[in-house]
Each structure stands twice: as structure tokens, then as C-alpha cells.
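Student: Please find one structure pasted underneath; my questions will follow.
The values are calculated or read from the model by the stated rules, or taken from the named source; none is laboratory data. Since this is a predicted model, take the numbers as computed values, not measurements. Cβ sites come from the backbone with ideal geometry, for glycine too, and all protein chains shown count toward neighbours. Just so you know, the surface numbers come from the protein's heavy atoms only, side chains and all, with ligands and any DNA or RNA stripped out. Shrake-Rupley method; radii C 1.70, N 1.55, O 1.52, S 1.80 Å.
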Amino acid sequence: MVPARCPGPCAILALVLFLGCGMVLCSGQNDTEPIVLEGKCLVVCDSNPSSDGAVTSSLGISVRSAGAKVAFSAVRGTNHEPSEMSNTSMTIYFDQVLVNIGNHFDLKASVFQAPRRGIYSFSFHVVKVYNRQTIQVNLMQNDFPVISAFAGDQDVTREAASNGVLLMVEREDRVYLKLERGTLMGGWKYSTFSGFLVFPL
């Protein structure tokens, strides 16, 4: 059943898509909470829809995939020293994926590539082990540092550089961690890197 709140043209197209796809998400121009019915398609009735990642008609209707959830979490499960880290990139690599909804985190490169424009949340926790050097870890967006974290206590065997941020990310932007200062000699077991789409734009 298509909600009665849809405008006339929207209701007609929504009904057609509902019959073909099994899901309708519809709200009026001044509504903030959509109605979602079961299925695999979304019909968004909006006077100013986003065209990113969506098919938009001249009626102001945006149709996009219902499976647009994006999240990842990677961890370093081994404590080997970073022989695979080049002196040029200094990318911090992970070797296990705990969550990769949408498959947008490339484990081999340890880089997340955004599938669509939106607000994303990122956090990291990089552990230095038996290392008296100060380390600086940067969260990078398209090769530009966004936030940093430091760990430099000389009297502990394990210490973590941690930080988190909300970012506006464009489609196909790349987000990863870079070791800006120090080394990870001794390894970085139990380090984590996570992120998820808060909402699309």
C-alpha cells in the first residue's frame, strides 16, 4: 500500500515501483520521517532530491538501492614489524576484517573508498609495542591529513594513538591511516580502524 501523503504524480510512480520492487519509502515535502515498506527498492518523494547514487525523475522522485548500508572495521591480528610499509607511503596496514558491509574497505591496501557522498564516522586505535619512540598517526582523506593522534610515553610497553571524527566524504574519496612520525618497530597488534556511513547527502 502506498501512503496517502505522497503527491499525485509521486503516488502513481510509487505504486508502479512498489508493484515491481516491493518497497516504497515516501514522505511529503514538509515531512522529515519517511515511511518504509518491505522490499528491495526505495522511492523517495522529495522536492529537492540528491542525484548522487540515485536515479531522479523530473517529478522530484529519487530511486535508490535499499541496501545502501556502509560500515567496516579492521584489526591487526599479528605483531610482525612493518616490513611491507614503504618509506614513501607509510600506510598502516591491517590483516583482518571484522566488518565490511558493502565491501568498500580494501584489506590489502588498507584503504576505504566511499561508495557515495555523505557524512561518515571514522575512528582508529594504533598500538605501539615495546617502542620508546613517539609516533604520530594521521587519518588521511585523498592523501591530505584530517586528524592526528600521538603516543609518546617512554615508560610503558604498550600505548595507543587514538582519535575519531565525522567527515563529509565525496563519492570515491579514499580514507586510510598513515604513520607520519616514528616507527612501528615491535609491531602494532590489536590496532583497529573503523568507519561507517552516518547518512547520505
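Student: Quick one: count up the residues across the range 93-117 that are in contact (Cβ under 8 Å) with a residue 24 or more places away in the chain and either in a loop (DSSP other than H, G, I, E, B) or at positive phi (or both).
Tutor: 10
Student: Can you pull out the residues in the range 120-173 that are more than 29 Å from residue 199 (Cα to Cα) and of a type in the set (Val, Ile, Thr)?
Tutor: Within the range 120-173, 127, 129, 134, 135, 156, 157 meet the criteria.
Student: Additional query: Kindly indicate whether residue 150 is at pLDDT 95 or above, out of contact with any helix residue (DSSP H, G or I) (no Cβ under 7 Å at 6 or more places or on another chain), surrounded by 14 or more Cβ atoms within 10 Å (Cβ to Cβ) and among the aromatic types (Phe, Trp, Tyr).
Tutor: No.
Student: Name the single residue, out of those in the range 118-134 being part of a strand (DSSP E or B) and at pLDDT below 95, that is farthest from residue 167 (Cα to Cα).
Tutor: For the range 118-134, the residue satisfying everything is 129.
Student: Hey, another quick one. Residues in the range 135-191 that are in a strand (DSSP E or B) and under 14 Å from the mean Cα position of the chain (by Cα): how many?
Tutor: 13
Student: Same structure again: Looking at 120, 130, can you tell me which residue is surrounded by fewer than 17 Cβ atoms within 10 Å (Cβ to Cβ), among the aromatic types (Phe, Trp, Tyr) and in contact (Cβ under 8 Å) with a residue 24 or more places away in the chain?
Tutor: Only one candidate passes the filter, namely 130.
Student: Residues in the range 138-153: is at least one in contact with a Gly (Cβ under 6 Å, 6 or more places away or on another chain) and free of Cβ contacts under 8 Å to residues at least 24 places away in the same chain?
Tutor: So far as the range 138-153 goes, no, none of its residues is in contact with a Gly (Cβ under 6 Å, 6 or more places away or on another chain) and free of Cβ contacts under 8 Å to residues at least 24 places away in the same chain.
Student: Look at the range 161-190 and say how many of its residues are free of Cβ contacts under 8 Å to residues at least 60 places away in the same chain and open to solvent by 30 Å² or more (accessible area, probe 1.4 Å).
Tutor: Of the residues in that region, 9 qualify.
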